[in-house]
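Here's the structure, in structure tokens; my notes come after.
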Amino acid sequence: MSEPASPSTRAHSRPATELDAIVIGAGFGGLYQLLCLRDRLGLSAQILETADGVGGTWYWNRYPGARCDSVSHSYCYTFSRELLEEWEWSERFPGQAEVMRYLNHVADRFDLRRDIRFNTRVTSAMYDAASNRWQVHTRDGHRFTAKYVIAALGCLSSANVPDIPGLESFAGEWYHTGQWPHEGVEFTGKRVGQIGTGSTGIQTAPVIAETASHLTVFQRTANYSVPARNAPLTPEFKRYVHEHHEEIGRLVRSTENGHPFEVSPRSALEVSAQEREKLYEAAWETGGLQFRATFEDLLSSKAANDTAAQFIKGKIRQIVKDPATAEALADIDHPYAAKRPPIDTHYFEAFNRDNVSLVNLRADPIERITPRGIKTAAKHHDLDIIVFATGFDAMTGALLKVDVRGRDGLTLKDAWKAGPRTYLGLQIAGFPNLFTVTGPGSPSVLCNMPVAIEQHVDWITECIAYMAEHGIERIEATEQAADRWVDEVNAAADATLLPRATHSWYLGANVPGKPRMFMPYAGGMTRYRSFCDQAAANGYEGFELVR
Ligand code: NA7
């Protein structure tokens with residue numbers, strides 16, 4: 001996707017567009033936020049969006065095999081009964097194209113496009129205290145002013161291309177999965193190197209292997225994966241969904257991670273070894289993220305977690321025929337689900353193909369990229385295409401790319417120098433009337449995203465409505481509330497095994513130089529929701545309100 005040309009002097013002299021609210025990003029969060037501000041509160045609002053279409057993360061992540069890890073009947077908005085009734089998913093886990101069809105349908109159905117400016121990258125957002133308005137600049141030289149800015153840039157939208165020496169010299173093609181070309185990539189007859197074995201790499205490798213002449217997967221950290229068992233939805237299940245919208249909605253809003261399944265109340269250590277094996281086997285057959293819910297203590301007890309880890313490692317060794325490859329794939333150094341647990345369609349099976357090989361970078365690290373491929377310590381791998389499935393500068397990267405300045409010229413970069421510091425993941429001290437949808441410090445990526453997004457957008461909308469009703473001009477998280485919340489976020493993470501995966505993007509560890517701090521709120525959606533509701537019920541406790 002080409003981006004708009006750089007600003008002309010003429011463009012800069014244009015008068016600013018004045019709005020009540022600017023929403024940045026036209027993904028799941030931005031679309032619903034626009035609808036709430038415009039249609040529920042009657043405000044003048046616009047979305048500014050870099051892409052030429054809606055979809056956010058789903059717009060950019062078009063790599064082969066891109067598929068949602070949440071079951072389709074829970075991966076949707078619940079705010080509109082009509083929308084729920086008229087939309088029908090076709091598969092258990094919706095593919096990228098189907099999620100895009102859904103979001104385009106939402107944009108059309110609620111007539112949102114007329115208030116979305118596409119091809120518009122926000123470069124800066126500066127708070128002007130005298131007017132109590134944000135000045136927002138875009139790359140094409142437009143200026144906007146608004147009382148509110150709602151950042152809905154997505155948690156996984158700033159692609160991370162590692163700084164491997166020699167990339168610029170590569171004579172073939174290279175792509176990052178999160179910036180995939182719309183016209184697709186032709187792998188037929190090509191020697192492909194894929195770096196990265198996170199959720200994305202695990203989804204894309206088996207699909208690339210179907211047409212590439214050879215696929216070499218470069219693995220730095222071995223990863224768990226459980227079969228997705230994706231399948232078309234049966235007419236009976238579709239009928240069930242249509243008849244139970246309310247029940248499903250209630251269920252996803254009541255569970256800790258926003259998925260439509262309860263975590264078993266059983267400990268992995270309270271059942272016999274045979275019983276445990278039987279339950280894991282059943283969960284493996286069912287497939288999906290639900291595997292995590294087999295026992296209640298998989299993320300709190302290392303001993304319990306070890307049983308799941310051993311089970312999955314055993315499966316890898318059974319599936320992968322070459323013993324050395326199986327060993328490298330099963331040599332996993334962190335607890336199960338301490339990094340985002342991928343689900344797959346024949347990932348481990350792909351290594352049984354003649355045209356797929358694995359390079360274990362722990363034993364044989366990459367030295368450099370050459371014009372002809374990738375040189376590791378042991379050998380040169382000749383490649384026509386390199387696919388970077390290397391993830392994102394998650395949770396903070398996209399917002400920090402914008403020059404955000406709050407009160408007294410405080411930059412967001414400075415405010416977050418030691419790591420993201422928010423109150424409830426919704427607001428940042430020093431940045432009045434700026435809200436972050438699924439910002440760091442909220443459950444966000446540990447939750448089924450549409451559930452987390454609806455909760456945030458509803459909260460922000462009610463907050464703005466409250467301000468209008470009470471003649472409040474400015475809201476800002478207090479330093480004390482942010483300090484307390486950072487402690488709560490850390491304590492919630494420390495009560496789990498999540499920080500034990502020291503290389504995880506939850507901690508910012510995948511981006512060199514990024515401060516290490518556990519970013520999402522791990523205390524569960526119900527506890528989190530009650531903090532948000534309580535703050536609002538107490539007249540927005542923890543926020544400073546100025547008339
Ligand atoms: P992830 O989960 O961050 O995975 C990125 C992968 O790329 C992971 O295996 C990394 O290894 C690997 N990586 C990153 N940098 C390098 C370098 N320099 N050399 C070798 N390997 C590297 O991103 P995904 O896109 O898979 O998934 C992101 C989320 O999207 C996912 O969790 C779902 O929520 C949807 P590492 O583990 O850091 O050693």
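The values are calculated or read from the model by the stated rules, or taken from the named source; none is laboratory data. In this text the structure is predicted, and so the values were computed from the model without any measurement. Please note: Cβ atoms are built from the backbone with ideal geometry, for glycine as well, and neighbour counts cover all protein chains shown. Areas reflect the complete protein model, heavy atoms only, side chains present, ligands, DNA and RNA absent. Shrake-Rupley method; radii C 1.70, N 1.55, O 1.52, S 1.80 Å.
Before moving on, here are some points about what is shown:
- Local electrostatic count, LEU410, Cβ distance below 14 Å [Lys/Arg +1, Asp/Glu -1]: -1
- Proximal lysines relative to LYS190, as straight alpha-carbon distance under 20 Å, when same-chain residues fewer than 8 apart are discounted: LYS375, LYS379
- For segment 183-235, the convex hull drawn through the C-alpha positions has a volume of 111 cubic angstrom per residue.
- Radius 11 Å from Cβ of SER199, net charge of other residues (Lys, Arg +1; Asp, Glu -1): +1
- Report summary: the helix-based calculation at 222 nm, which adds -39500 (n - 2.57) for every DSSP H run with n ≥ 4 and divides by the residues of the chain, gives -9000 deg cm²/dmol.
- Radius 10 Å from Cβ of PHE351, net charge of other residues (Lys, Arg +1; Asp, Glu -1): 0
- Between TYR32, SER74, VAL192, the Cα set farthest toward the positive side of the dipole of the chain (charges on each charged residue's Cβ, about the Cα centre) is that of VAL192.
- Of the trypsin sites (Lys or Arg not before Pro) found in segment 349-447, the ones in coil according to DSSP and having at most 15 other Cβ atoms within 10 Å of their Cβ are ARG353, ARG362, LYS379, LYS401, LYS417.
- Calculated FRET value between GLU88 and ARG353, using beta carbons and R₀ = 30 Å, to 0.05: 0.30
- Antiparallel content of DSSP bridges confined to the chain, in %, to 5: 40 percent
- Shape metrics for segment 90-247, restricted to C-alpha atoms - Rg then Dmax, Å: 21.5, 63
- Straightening the chain between HIS105 and ARG229 buys 42.0 nm, computed as 0.36 nm per residue apart minus the Cα-Cα spacing.
- Note on the chain: Cα convex hull, mean projected area over all directions, 25.3 nm².
- Overall, segment 250-321 carries a charge dipole of about 320 debye about its Cα centre when +1 sits on the Cβ of Lys and Arg and -1 on the Cβ of Asp and Glu, all other atoms neutral.
- If you plug the beta carbon distance of THR286 and ARG372 into 1/(1 + (r/R0)^6) with R0 = 41 Å, you get a FRET efficiency near 0.35.
- Summed over the residues of segment 74-134 and divided among them, the accessible surface reaches 42 Å² per residue at a probe radius of 1.4 Å.
- Note on segment 483-528 and segment 166-239: Cα centroid distance 28 Å, given to the nearest whole angstrom.
- Fraction of accessible area attributable to carbon and sulfur, segment 83-160 (%, probe 1.4 Å): 46 percent
- Globularity index of segment 301-430, i.e. its alpha-carbon radius of gyration over 2.2 N^0.38 Å: 1.50
- Computed from the Cα positions only, the extents of segment 47-136 along the three principal axes stand at 52, 32, 21 Å, in decreasing order.
- In Å, descending, principal axis extents of the Cα set of segment 197-265: 48, 31, 16
- Put a plus charge on the Cβ of each Lys and Arg, a minus charge on the Cβ of each Asp and Glu, and nothing anywhere else: the dipole of the chain about its Cα centre is then about 1060 debye.
- Start at zero, step by 5 Å, and the Cα-Cα distances of segment 235-337 spread as 2, 12, 17, 19, 17, 12, 10, 7, 3, 1 percent across the bins.
- Rounded tilt (10° steps) of 273-286 against the dominant C-alpha axis of the chain: 70 degrees
- If you plug the beta carbon distance of SER254 and ASP333 into 1/(1 + (r/R0)^6) with R0 = 30 Å, you get a FRET efficiency near 0.30.
- Leading residue at positive end of dipole, the chain (Cβ point charges), from GLN46, THR345, LEU507: LEU507
- Ignoring lysines fewer than eight residues from LYS413 along the same chain, the ones with Cα atoms less than 20 angstrom from its Cα are LYS401, LYS514.
- Here LYS315 is the anchor, and the lysines within straight C-alpha reach of less than 24 Å, apart from those fewer than 8 places off in the same chain, are LYS278, LYS302, LYS339.
- Potential lengthening of the chain between GLU168 and SER213 amounts to 13.8 nm, from the contour at 0.36 nm per residue minus the alpha-carbon distance.
- Coordinate range along principal axes, alpha carbons of segment 348-423, Å, largest first: 60, 30, 23
- Viscosity 0.890 mPa s, 25 °C: Kirkwood-radius Stokes-Einstein D of segment 1-159 over Cα pairs, µm²/s: 147 µm²/s
- Taking the inverse of the mean 1/r over every pair of distinct Cα atoms in segment 242-294 gives a Kirkwood hydrodynamic radius of 12.5 Å.
- Here the Debye sum runs over all C-alpha atoms of segment 376-464 as equal scatterers in vacuum, and log10 of I(q)/I(0) at q = 0.11 Å⁻¹ comes out as -0.44.
- Rounded to the nearest 20 debye, the dipole size of segment 24-172 about its Cα centre is 440 debye, using +1 on the Cβ of Lys and Arg and -1 on the Cβ of Asp and Glu.
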